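To keep things clear, I will list the structure first and then write my remarks on it.
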Amino acid sequence: MSQGVEFNRLMLEMRSMQMDAMARPKAAVSAPEPGAPSFSEMLGQAVNKVSETQQVAGQLANAFEIGQSGVDLTDVMIASQKASVSFQAMTQVRNKLVQAYQDIMQMPV
């Protein structure tokens with residue numbers, strides 16, 4: 001049940017971030033705000049979060065396999081699916097970044 005609550009909280013957080021992003025005025029390319037994280041920092045944090053999600057899923061799976069009490073199969077499966085989806089999303093982001101880089105490198109100077 002806690003996984004469902006956590007998922008709902010995550011969805012609400014994502015919707016809130018989406019609304020914040022949509023509410024911001026669209027400006028031309030400008031200097032980043034002071035104190036705002038750089039793109040590389042944000043990407044690094046995302047990669048670390050995916051890694052963390054995979055580690056948690058692995059730990060839950062191991063705990064279930066050895067028969068640790070309090071670990072339910074549904075929790076293991078949900079954690080595994082979260083790790084899978086987050087890894088697939090990160091892979092798609094990486095693919096888009098590589099494609100954008102290749103497109104920029106092929107532009108005439």
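The values are calculated or read from the model by the stated rules, or taken from the named source; none is laboratory data. All values derive from a computational prediction rather than experimental measurement. With ideal geometry, Cβ positions are generated from the backbone for all residues, glycine too; neighbour counts draw on all protein chains shown. Calculation scope for accessible area: heavy atoms of the full protein, side chains included, ligands and nucleic acids excluded. Shrake-Rupley method; radii C 1.70, N 1.55, O 1.52, S 1.80 Å.
Structure summary
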{"read-out": "Filter result (assigned to a loop (DSSP other than H, G, I, E, B) and open to solvent by 60 Å² or more (accessible area, probe 1.4 Å)) within segment 33-43", "value": "Glu33, Pro34, Gly35, Pro37"}
{"read-out": "Pair list, Cβ under 9 Å, 6 or more apart: segment 69-96 residue on the phi > 0 side of the Ramachandran plot, other residue in a helix (DSSP H, G or I) and surrounded by 13 or more Cβ atoms within 10 Å (Cβ to Cβ)", "value": "Gly70/Ala63"}
{"read-out": "Residue that is modelled with pLDDT under 75, open to solvent by 100 Å² or more (accessible area, probe 1.4 Å) and within 20 Å of the chain's Cα centre (by Cα), where the choices are Met14, Met19, Met1", "value": "Met14"}
{"read-out": "Total residues in segment 44-57, condition touching a residue at least 24 places away in the same chain (Cβ under 8 Å) and either open to solvent by 40 Å² or more (accessible area, probe 1.4 Å) or within 17 Å of Gln81 (Cβ to Cβ) (or both)", "value": "7"}
{"read-out": "Of the criteria (1) open to solvent by 90 Å² or more (accessible area, probe 1.4 Å); (2) part of a helix (DSSP H, G or I), which one Ala89 fails", "value": "(1)"}
{"read-out": "Members of segment 50-77 found to be of a type in the set (Val, Ile, Thr), touching a Leu at 6+ places or on another chain (Cβ under 9 Å) and assigned to a helix (DSSP H, G or I), listed by number", "value": "Val76"}
